[in-house]
Amino acid sequence: MRALISVYDKANLSELVNAIKPFISEIYATSGTSKYLSEIGVQNKDTSTLTGFSELLGGRVKTLHPAIFAGILSTESERDLSQMENFDFPLFDLVVANLYPFEDAAKSHDLKKMVENIDIGGVSLIRAAAKNYDRVAVLSSPLQYESIIAELKETSIISEQTRRRLAIEAFSMVSNYDISIYNSLSKDFGNEVPETLFLRSFRGRKLRYGENPDQEGFLYSDLSANGIANATPLQGKEMSYNNILDANSALETILEFKDTTAVVLKHNTPCGVASAETLPDALKRAIAGDPESAYGSVIAVNREFDKSSFEALSKLFVEVLIAPEYSDEALILLKKKKNLRVLKVPMEPDMGYRARSISNGILLQSPLRTDIENLVLRTEVSATDEQIKDMIFAWKVVAHCRSNAIVLSKGMQTVGIGAGQTSRIEALRIAVARAKERANGSVLASDAFFPFEDNVELAASSGISAIIQPGGSIRDEVVIAKSNESKIPMYFTGKRVFLH
């Protein structure tokens, strides 16, 4: 077996070549790799002995030569082998290549540096070897070396099945590399809206099913350490498609809060949220926000989950628990709930664009932000500091409830949530019904403006003490007048937080 090696990243290369020496008859390598191999005592031939040059144009051209590519692309047909013999070109059976670090260069936004790190020859070597997987094996990442070493030691060959897998991985890597170049240069060239959108996701795996048992479901990751897609499962059954959606919504909600907070979520919308001095108190108050809906819920917290926190959940059936850390004692106790899925997730927000598939297309938008640049009092009567604090708390929650949405809160605890309704007044009716007597003295957050004064009338009759809403209705002045008449402070955020 003859190998061609041309790598920028030389990690584990020494281990690879030394382990496969018994199976390799000859090694050719490009100048930098050849020098490295010689330094570690591995006999090799520089590709310049085939091409007649070491490198051209300051290294931009090293391997782009028929002697190299014919050796990779030749089949075992009589025609091809005859031509290879006539030109005295060697056949390559193994290609080991990886690419210039374009993504690292892109972080600098230095266009000259980025362009010089666009690999040409390496991509061509990898693509050629992957195309000819019938005869050639291609190693495009140091992460592949270990399995190939093991296979060669066991069978002395690289099987067709393995060559096919390596080819698919190579095409994936090259595609990802090209997408990275396109996306980075488009952005740095000032193309705010690229004509073509490429989305990159990795490590795909099939789920048991999708939203319903007759639908297929799959999960992909961005390969970061953050988010639900990269969560560390500590126990419990496999996450379902719906579990993942709910867990993501719970995480997005909990990330709104710096104070010790717990979020209880059901069917992709919060049903109870509370902040408190301690996590056990936050949990108890979040569950108490809507005890009925808390059954079979997803719960997220933003502090270490410990033994005392477990006591708040000990009698409650929970589908998924999310926390940044768990104490050893808590993990032992959580094992009593065998079906509970326990996830460890860093509390790091994802500020990247959000994509949503539609029929024959994709919608893309920047992430939702709940920050309020200027909270404006629009009524004659103002709220207390505590009420303002509660309104901002409720505002952060309502942003993660399906619209139309209303959140009632009191003492940094939700007491009633109405979400996903086709009319705002109906959302308020539901929130008030959920809150019951707790509506009295609570504050109200609305994810969009009040179209009519009927919302204020119902708020007043329910004992609601203050209102925060975006404003922007053609009837704002009528709504404000009704608030003044009802002596309910009303504040405008100047932005809406719809979640469809």
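The values are calculated or read from the model by the stated rules, or taken from the named source; none is laboratory data. Predicted model only: the values in this text are computed from it and were never measured. Because the Cβ atoms are built from the backbone with ideal geometry, glycine has one as well, and the counts that use them run over all protein chains shown.
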S224 meets each of (1) among the hydroxyl-bearing types (S, T, Y); (2) in contact (Cβ under 8 Å) with a residue 12 or more places away in the chain; (3) outside any strand (DSSP E or B); (4) out of contact with any Pro (no Cβ under 8 Å at 6 or more places or on another chain) with one exception, condition (2)
Hey, R203 hits all of (1) assigned to a strand (DSSP E or B); (2) of a type outside the set (S, T, Y); (3) within 30 Å of F317 (Cα to Cα) but one; which does it fall short on? (3)
Quick one: is D259 surrounded by fewer than 19 Cβ atoms within 10 Å (Cβ to Cβ), of a type outside the set (A, V, I, L, M, F, W, C), modelled with pLDDT of 95 or more and more than 16 Å from L343 (Cα to Cα)? yes
Any helices (runs of 4 or more DSSP H) falling wholly within segment 1-109 and containing at least 1 residues that are closer than 30 Å to G190 by Cβ and charged (D, E, K, R): 102-106
I157 in a helix (DSSP H, G or I) and aliphatic (A, V, I, L, M): no
Among the residues of segment 76-107, how many are under 43 Å from the mean Cα position of the chain (by Cα), surrounded by fewer than 13 Cβ atoms within 10 Å (Cβ to Cβ) and touching a residue at least 12 places away in the same chain (Cβ under 8 Å)? 1
Identity of the residue in segment 168-195, among the aromatic types (F, W, Y) and touching a Leu at 6+ places or on another chain (Cβ under 9 Å), that ends up nearest to S140 (Cα to Cα): Y177
Here are some residues: T414, T379. Which one is closer than 17 Å to P489 by Cα and touching a residue at least 40 places away in the same chain (Cβ under 8 Å)? T379
Taking T63, is it more than 20 Å from V174 (Cα to Cα) and assigned by TED's automatic domain parsing to the domain that holds F171? no
Report, by residue number, each residue of segment 262-277 that is of a type in the set (G, A, S) and buried (at least 21 other Cβ atoms within 10 Å of the Cβ). A262, G272, A274, S275
Kindly indicate the residue of segment 108-138 that is of a type in the set (G, A, S) and buried (at least 18 other Cβ atoms within 10 Å of the Cβ) and also farthest from S175 (Cα to Cα) among those meeting that condition. A137
Single condition Q161 does not satisfy, out of (1) more than 19 Å from V7 (Cα to Cα); (2) at pLDDT 95 or above; (3) buried (at least 19 other Cβ atoms within 10 Å of the Cβ): (3)
Filtering segment 408-432 for residues that are closer than 17 Å to K266 by Cβ and among the charged types (D, E, K, R) leaves a count of 0
Is it true that V42 is under 43 Å from the mean Cα position of the chain (by Cα), surrounded by 12 or more Cβ atoms within 10 Å (Cβ to Cβ) and more than 21 Å from I148 (Cβ to Cβ)? no
For A67, all conditions in the list (1) without any contact (Cβ under 8 Å) to a residue 60 or more places away in the chain; (2) exposed (fewer than 15 other Cβ atoms within 10 Å of the Cβ); (3) within 29 Å of R2 (Cβ to Cβ) hold save one; what is the number of the exception? (2)
Within segment 238-277, restricting to residues that are β-branched (V, I, T), outside any loop (DSSP other than H, G, I, E, B) and touching a helix residue (DSSP H, G or I) at 6+ places or on another chain (Cβ under 9 Å), the one that is nearest to F305 (Cα to Cα) is T261
Within segment 466-475, can one find any residue that is closer than 19 Å to S409 by Cβ and over 36 Å from the mean Cα position of the chain (by Cα)? yes
Within segment 1-21, restricting to residues that are over 38 Å from the mean Cα position of the chain (by Cα) and touching a residue at least 60 places away in the same chain (Cβ under 8 Å), the one that is surrounded by the fewest Cβ atoms within 10 Å (Cβ to Cβ) is R2
When segment 456-482 is checked residue by residue, the ones that are closer than 20 Å to F393 by Cβ and buried (at least 18 other Cβ atoms within 10 Å of the Cβ) are A459, S462, I464, S465, A466, I467, I468, Q469, P470, G471
State whether one or more residues within segment 238-253 are farther than 21 Å from V397 by Cβ and either among the aromatic types (F, W, Y) or surrounded by fewer than 14 Cβ atoms within 10 Å (Cβ to Cβ) (or both). yes
